[in-house]
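The values are calculated or read from the model by the stated rules, or taken from the named source; none is laboratory data. Keep in mind that what you see is a predicted model, and the values were worked out from it rather than measured. Reconstructed Cβ throughout: ideal geometry from the backbone, glycine too, with neighbour counts over all protein chains shown. SASA here: full protein model, heavy atoms, side chains in, ligands and nucleic acids out. Shrake-Rupley method; radii C 1.70, N 1.55, O 1.52, S 1.80 Å.
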Amino acid sequence: MLMRKEDSLLLIIDVQEHLAPAQESPRDVINGCAALLDIAKKLNVPFIVAEQNHNSFGPTMIDLRIVLGDDITYYEKDTFSCYKNEEIREKIKQSGKKQIVIAGLETHLCVLQTALDLQKEEYEVFVAADACSSRNAMQSALGIQRLLHNGVDVVTVEMVIFEWLENSRSPEFKEVWAKRV
């Protein structure tokens, strides 16, 4: 199945100042999440930004906060699965979207548990693997393997962007393409 912007919600998980730098390839995750948030804003795809225990892990990375601007609510959680957080779960349900695109940290923990919980609730779940990471490559690889084994679609940032764009005629495509070339 293709990701459709009108059916999608973007969920960014725990890309925070005291957590992101400890990951395998943190810059790829930060850049990937920033690109997803940027296109989501341009295409009016709703998004949620979750933070694990803000006091311990700090705010969302500045790179993402710059893309988001000032008018954004960050959803703090202490559960590993975002779907087990009542406020986030209600926000997802209220959106009416059935496709959830996930990116963030850590692949084998919060991303995995969130994806599996959403899938259990019959959402179509897509995890942008190149915008996710764990503290070491093995943990991330095993997280991706488990997602695949459980039927979650593992995709890339470009897959998300170009499926949401649908064609090359839009001004958003021209802007995205200029950044990619």
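With the highest mean first, a sort of the peptides 165-175, 54-64, 97-107, 117-127 on other beta-carbon atoms found within 10 angstrom per residue produces 97-107, 117-127, 54-64, 165-175. As a calculated quantity, the FRET efficiency between HIS18 and ILE66 at R0 = 25 Å, using C-beta atoms, amounts to about 0.85. Heavy atoms of the protein chains alone define the surface here; on that basis region 82-172 has 47 Å² accessible area per residue at 1.4 Å probe size. Taking the charge dipole of the chain about its Cα centre, with +1 at Lys and Arg Cβ atoms and -1 at Asp and Glu Cβ atoms, the residue from ILE92, ALA131, ALA20 reaching farthest to the positive side is ALA131. Rounded to the nearest 20 debye, the dipole magnitude of the chain is 300 debye, with +1 charges on Lys and Arg beta carbons, -1 on Asp and Glu beta carbons, and the Cα centre as origin.
Label sites at SER25 and GLU86, each approximated as a point 7 angstrom past Cα along Cα to Cβ, lie 3.9 nm apart. Across all Cα atoms of the chain, the radius of gyration (one decimal) and Dmax (whole number) stand at 14.9, 45 Å.
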